[in-house]
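J.: Supplied in structure tokens, the structure appears directly below.
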Amino acid sequence: MTRTKGLYAAIATAALLYQSPGLAQQAENPALYLSVDCVKSTSPDYLRLGKETWLPVHEELVNRGSENSWALYSVLFGDRSRCDYYEVTTYLGERQLNAVPRLDEAFEAAHDDVDLAEAMTRTRSSRQRVATELWMQVDSTGFGAHKFVDVNLMYAEDPDDYERMESRVFKAGHQALVDGGHRAGWAVYQLISPLGTSIPYNYVTVDFLTHLGPVPMAEAMLAAHPDRDLDAMHDLLERREQVLTETWALVVATGPVPTERDGQ
């Protein structure tokens, strides 16, 4: 299957996203960006450094307004040969995304007895940062405290059509699952960078979970859309290809995991 047309559409969409909206629009409804680092640990020291050294630094960066949030996830069900951990940093709006954080100042504020250069050396020897991706939130139910996430990588040939399907049809079903206590939240994100024919996905949906196990998705969709036919709604899923699903476990995050900004 050729994906050139869909990828060109995604690139065009990304180009539009980088055009700066008016200041009033940015202030009222800033986009939520995610920088996702795929990490391969090379030493047991990696987890300890993440919890004891870098979590306080990210909390300081959040307090200073340099980041919106930071979280560390481990791959629970999935291929750990390339990445066994993911670090997810979120930024609220382009101003925060493009600002250069004063890491040295934040580190000094978080640790008065640890040397930054030494911490960086130990961190580099404890893990390999395999890849970094930038995503932007398209829509969301918002989310609260969670223990796990199901990460569903998708490829959509027609980005506009796919986003309408998620927002206008499936979001309501996910909201019903949240309202029923089956999930802690749901969101859909578009890949901003990198792009190209070697990337087999351009969207991801994330289910935020407090526990593992099946959920009554069909019942939730019928409750959310009592006037729609379930088979017809299921047929809509043919508009995208589900490339891969993994389950990650939350290791640590900056403070209580916040409810992220709702999508439009």
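The values are calculated or read from the model by the stated rules, or taken from the named source; none is laboratory data. Worth saying up front: this structure is predicted, and the values here are computed from it rather than measured. Heads up, the Cβs are rebuilt from the backbone with ideal geometry, glycines too, and the neighbour counts pull from every protein chain shown. Side chains included, ligands, DNA and RNA excluded: accessible areas come from the protein's heavy atoms. Shrake-Rupley method; radii C 1.70, N 1.55, O 1.52, S 1.80 Å.
J.: Tell me the Kirkwood radius of the range 113-156: reciprocal of the mean inverse pair distance over distinct alpha-carbon atoms, in Å.
T.: Evaluated over the range 113-156, this radius sits at 15.0 Å.
J.: Can you list the HN-Hα couplings for the range 131-142, worked out from phi with the Karplus curve (6.51, -1.76, 1.60; θ = phi - 60°), rounded to whole Hz and with x for Gly and Pro?
T.: Here the 3J(HN,Hα) series is 7, 10, 10, 10, 10, 10, 5, 9, 7, 6, 7, x Hz.
J.: At a threshold of 8 angstrom on Cα-Cα distance, excluding pairs fewer than six apart, so keeping six or more, what relative contact order does the range 37-175 reach in percent?
T.: 32
J.: Using the heavy atoms of the protein chains and a 1.4 angstrom probe, tell me the accessible area per residue for the chain in square angstrom.
T.: Ligands and nucleic acids excluded, the result is 51 Å² per residue.
J.: Stokes-Einstein diffusion coefficient for the range 160-264 at 37 °C in a medium of 0.692 mPa s, Rh from the Kirkwood formula over Cα pairs: what value in µm²/s?
T.: Result for D is 212 µm²/s.
J.: A follow-up question, please. Helix-only mean residue ellipticity at 222 nm, the chain, DSSP H runs n ≥ 4 weighted -39,500 (n - 2.57), per residue, nearest 500. What is it?
T.: -9000 deg cm²/dmol
J.: Take the solvent-accessible surface of the protein heavy atoms, probe 1.4 Å, and return the percent of it on the chain that carbon and sulfur atoms account for.
T.: The nonpolar share, carbon plus sulfur, comes to 52 percent.
J.: Classify the chain as rounded, prolate or oblate, taking a ≥ b ≥ c as the square roots of the eigenvalues of its Cα gyration tensor: rounded when a/c is under 1.5, otherwise prolate if a/b is larger than b/c and oblate if not.
T.: Prolate, since a/c reaches 1.5 and a/b exceeds b/c.
J.: Something else about it: Evaluate the distance, in nm, between pseudo-label points positioned 7 Å from the Cα of residue 120 and of residue 238 along their respective Cα→Cβ axes.
T.: Spacing of the two 7 Å Cα→Cβ label points: 5.4 nm.
J.: Right, here's the next one. Roughly how tilted is helix 116-126, in degrees to the nearest 10 and between 0 and 90, from the longest Cα axis of the chain?
T.: With both axes taken from Cα atoms, the answer is about 50 degrees.
J.: Considering only C-alpha atoms, what is the centroid distance from the range 34-85 to the range 159-237, in Å?
T.: Value for the Cα centre distance between the two parts: 26 Å.
J.: Semi-axes of the range 102-202's equivalent ellipsoid from the Cα gyration tensor, sqrt of 5 times each eigenvalue, largest first, rounded to whole Å?
T.: 36, 21, 12
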